[in-house]
Amino acid sequence: MAKGEGEGQYSNASLLHESAAVQSKRPAKGHLSVCNKLCYAIGGAPYQITGCALGFFLQIYLLDVALLDPFYASIILFGGRAWDAITDPTVGFLVSRSPWSRFGRMMPWIALSTPFAVVCYFLIWYVPPFDQGKVIWYLLFYCLFQTLQTCFHVPYSALTMFISSEQKERDSATAYRMTVEVLGTVIGTGIQGQIVGLATAPCVPVGDDLNFTSQLFELKANSSQPQISLDDTRHAYMIASGVICAIYILCAITLFCGVKEHKDSNSVQTEPMSFFQGIRLVMGHGPYAKLVMGFLFTSLAFMLLEGNFALFCCYTLGFRDHFQNVLLVVMLSATLTIPFWQWFLTRFGKKTAVFVGTTSVTPFLIAMVLMESNLIVAYVISFAAGVSIAAAFLLPWSMLPDVVDDFKVQNPTSQGHEAIFYSFYVFFTKFASGVSLGVSTLSLDFAGYVTRGCTQPAEVDVTLKILVSAAPIFLIIIGLIIFITYPINEQKRQGNRKLLKELLRDQGLNESDSETDSSETDRSVV
């Protein structure tokens, strides 16, 4: 017996030694090459490209090109957003319950949803040859596209946890992703705007501008220019959608071929839970709730700024001929400064980066409404706004993995809920987008906003100043107050990483012991 026990202990030690030797010869599983990070980042472009095109142009398209009644157009827009909000947590739950395949758990969702999403997106921008069922046509394909895009974006967002086991590599990949996504907003706006730009109708004189001379002059000017038919405008929208669909497919192929999904070795097998159990478990995690609520208010602030900045430039500042360039400066500034914020959060910590990044825009928002109209000042303010927008893009996706790690440490027997964490954050982000759209539209409507007007009433100017300055500053303050209570600092984050590594090491030893015991049992049976 003693001899058998000694042989068993020796075989145990030798197996562990051989396993350690093999592991040491393999390359680090958590390391990501620059190519891997770029391929992962490119996968985030379709969401931003299609989102910008739909956000800026769908309402105008439904009213002026598809010729829908404004009431029905509002049903389509808000119905699609409401359905989109429902699909996020639902898809997150289904993804978390899906089994692992040879391609991973997230990749099959991304690959299978892409061709159907592309078809639905193209049909959104197609005017059917009938009038009675147009509302159903657009509502159906808009909701279908939102569902299929959710089947792409939720797994892609959760994929951050499965491309590497190293937090530093995940943060770096997130920075690459945010850079490409900001570029995606530029690409989406640029492609759609340039192709359908000739369809833009001239402004309509109102108030003091409305007189016989100005009407006669505008009539002559319009008659001397080549006329654009409605069919030409519809074809332009279809061409733009075709180009965006091609980019969507190329990005999905690049992601699928260039990124390998690794099974999370930090998790253990747990019994599946119901949808509402998953909601209670995830939303009951304090750090996650505080992170989501904090970014809900700050995201709402920046969405109010972005959504109304073009109108502010056109009507309050009087830069109707320059607002496209001003918006371009905002997006280019955000793109160029994301590497800076990646360095900043690595050097000073993520929580510090939140406070510095979100507050840096405040002085410029105040100066923007107090100073007189000046194009150079507008460019400077736009650049500063872009710097803060870059932080708003990067930090949430960089901090979500920390919350997931904290959840794993506090709940070691309940794992595999990454998709639910990410899907609920996406849900709240879209909720903030819907709120900003509704508040802005209703406020401008109450103020007497004139559609396509060359000038606007004074009440509209005051409302625009509130929407791009006072309201965002107020929301930023609320968000920062919430972030004061956010418990995961750099010390806590590093501690969680050490605990997860210890948990992984203990699980590896237990698995080796169980494998050795089973092999010895087989030998004894033989």
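The values are calculated or read from the model by the stated rules, or taken from the named source; none is laboratory data. Being a predicted model, the structure only gives us computed values, none of them experimental. Because the Cβ atoms are built from the backbone with ideal geometry, glycine has one as well, and the counts that use them run over all protein chains shown. Note: areas computed on protein heavy atoms with side chains; ligands, DNA, RNA excluded. Shrake-Rupley method; radii C 1.70, N 1.55, O 1.52, S 1.80 Å.
Filter segment 278-296 down to the residues that are of a type outside the set (F, W, Y), closer than 21 Å to V91 by Cα and modelled with pLDDT of 70 or more and list them by number.
First, the residues of segment 278-296 that are of a type outside the set (F, W, Y): 278-287, 289-294, 296.
When the remaining residues are screened for being closer than 21 Å to V91 by Cα, the result is 278-285, 289, 292, 296.
Once the filter is applied, which keeps residues that are of a type outside the set (F, W, Y), closer than 21 Å to V91 by Cα and modelled with pLDDT of 70 or more, segment 278-296 yields R280, L281, V282, M283, G284, H285, A289, V292, L296.
Only one of these is within 17 Å of the chain's Cα centre (by Cα), within 18 Å of T429 (Cα to Cα) and of a type in the set (A, V, I, L, M, F, W, C): F93, F78, F56. Name it.
Working: F93 fails: within 17 Å of the chain's Cα centre (by Cα); F78 fails: within 17 Å of the chain's Cα centre (by Cα).
Being within 17 Å of the chain's Cα centre (by Cα), within 18 Å of T429 (Cα to Cα) and of a type in the set (A, V, I, L, M, F, W, C) holds for just one of F93, F78, F56, which is F56.
Is one or more of the residues making up segment 220-231 open to solvent by less than 60 Å² (accessible area, probe 1.4 Å) and either in a loop (DSSP other than H, G, I, E, B) or modelled with pLDDT of 60 or more (or both)?
Looking through segment 220-231, at least one residue is open to solvent by less than 60 Å² (accessible area, probe 1.4 Å) and either in a loop (DSSP other than H, G, I, E, B) or modelled with pLDDT of 60 or more (or both).
Given (1) surrounded by fewer than 16 Cβ atoms within 10 Å (Cβ to Cβ); (2) at pLDDT 80 or above; (3) among the aromatic types (F, W, Y), identify the lone condition not met by Y156.
Result: Y156 passes all but (1).
Any residue in segment 157-186 that's at positive phi and among the acidic types (D, E): show its pairings with residues that are surrounded by fewer than 21 Cβ atoms within 10 Å (Cβ to Cβ) and at pLDDT below 75 at Cβ separation under 7 Å, as long as the two are six or more apart or on different chains.
none
Taking Y40, is it assigned to a helix (DSSP H, G or I), modelled with pLDDT of 85 or more, of a type in the set (S, T, Y) and open to solvent by less than 20 Å² (accessible area, probe 1.4 Å)?
yes
When you go through (1) at pLDDT below 75; (2) surrounded by 18 or more Cβ atoms within 10 Å (Cβ to Cβ) one by one for S101, which number turns out not to apply?
(2)
Report the residue count in segment 68-81 for those that are open to solvent by 10 Å² or more (accessible area, probe 1.4 Å) and in contact (Cβ under 8 Å) with a residue 12 or more places away in the chain. Give the derivation first.
Initially, segment 68-81 is screened for residues open to solvent by 10 Å² or more (accessible area, probe 1.4 Å), giving 68-72, 74-75, 77-79, 81.
Okay, now just the ones that are also in contact (Cβ under 8 Å) with a residue 12 or more places away in the chain, so 68, 72, 75, 77-79, 81.
Number of matching residues: 7.
Only one of T346, T358, T352 is assigned to a helix (DSSP H, G or I), hydroxyl-bearing (S, T, Y) and within 21 Å of A471 (Cα to Cα). Can you tell me which? Before the answer, list the steps.
Working: T346 fails: within 21 Å of A471 (Cα to Cα); T352 fails: within 21 Å of A471 (Cα to Cα).
Residue meeting the stated conditions: T358.
Tell me the helices (runs of 4 or more DSSP H) entirely within segment 381-496 that contain at least 1 residues that are open to solvent by less than 10 Å² (accessible area, probe 1.4 Å), over 28 Å from V154 (Cα atoms) and modelled with pLDDT of 75 or more. First the steps, then the outcome.
Numbers: elements: 418-447, 458-465, 471-484.
Once the helices (runs of 4 or more DSSP H) in segment 381-496 are filtered for at least 1 residues that are open to solvent by less than 10 Å² (accessible area, probe 1.4 Å), over 28 Å from V154 (Cα atoms) and modelled with pLDDT of 75 or more, what remains is 458-465.
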